[in-house]
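One structure below.
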């Protein structure tokens, strides 16, 4: 339940004033503890803090962190057109953020606990966990243009050339829209990613990845990863990274062979995964440590860490301001 003082921070109109936002500045250097590679020093790292109901916006060039208060716990994030879009499930909102101000620019009420989020062109796709629907939103006007019924608890969405792939988590299904094509996944698919010619679901209940052909949605293989994958990050046409929330690990999987190529030790309850714009560094947000760990992709070596807010989840890594 959202606390009343959180609801008082926003209005119900589509545009929110920047003055309604609480911003705190702090200076936090990247820790080099146990690091074996130079830490990243470029870009804007944005971390969604679930328990804090805030964003931590870290300027890695200056080591300055800005904390932006939100009207509810943030779940998924995506960037487009210099803006960041965030689903707030308990607050039943989609927010548009200016990451540079920073501040909330616009909001769209969406009853039904918005969660999954994907953007392609001028279209935003949002899943509603409790309303069992996929909503299409026009990004320039931030208005709903279409609503598609889904299976039970559509937790995550990915998009490819206008085709959306939605995990119906309680049905153990991957649905493709438009059309009525569906495929059986492992148990409790909580994440989905398009990886070259395949689409992959992360199944937290069965501790596995289901790999399907992108065109026919035929099952290619099931990969058991010895942990609950709660988030997936494509790393190329045949590689995906999975955050194993119950194992304090992230696992690199070759989707063409089903082989685990690498296991990265992380702090407890890893969740958010994001690459820097150059693809040289990986950031892993940890619920347990309230921080973000860095790895240099070449060799997968540790590259330090930074603190975040309380309960970090999703993350985005944007180019420098």
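Computed from the coordinates by the stated procedures, all read-outs in this text should not be read as laboratory data. Keep in mind that this is a model prediction, so the values were computed, not measured. Don't worry about glycine lacking a Cβ; one is built from the backbone with ideal geometry, like all the others, and counts go over all protein chains shown.
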Original post:
Just one of [x] 18.8; [y] 14.6; [z] 20.4 is mean projected area of the Cα convex hull in nm² calculated from these coordinates, so which is it?
Top reply: [y]
Original post:
Calculated FRET efficiency, residue 256 and residue 101, Cβ-Cβ r, R0 51 Å, to nearest 0.05?
Top reply: 0.75
Subject >> Paired Rg and Dmax values of segment 150-265, which use every Cα atom, in angstrom >> reply: 12.6, 40
Subject >> Spatial separation of Cα centroids for segment 176-233 and segment 239-318, in angstrom >> reply: 19
**OP:** Before anything else, pin down the relative contact order of the chain: Cα pairs under 8 Å, at least 6 apart, normalised by residue count, whole percent.
**Re:** 15
Original post:
Which value at 222 nm does the chain reach when only helices count, each DSSP H run of 4 or more adding -39,500 (n - 2.57), with the total divided by all residues and rounded to the nearest 500 deg cm²/dmol?
Top reply: 0 deg cm²/dmol
Original post:
With each pseudo-label sitting 7 Å past Cα toward Cβ, what's the residue 265-residue 141 distance in nm, one decimal?
Top reply: 5.5
**OP:** Between residue 59 and residue 218, take the C-beta separation as r, use R0 = 30 Å, and let me know the FRET efficiency to the nearest 0.05.
**Re:** 0.10
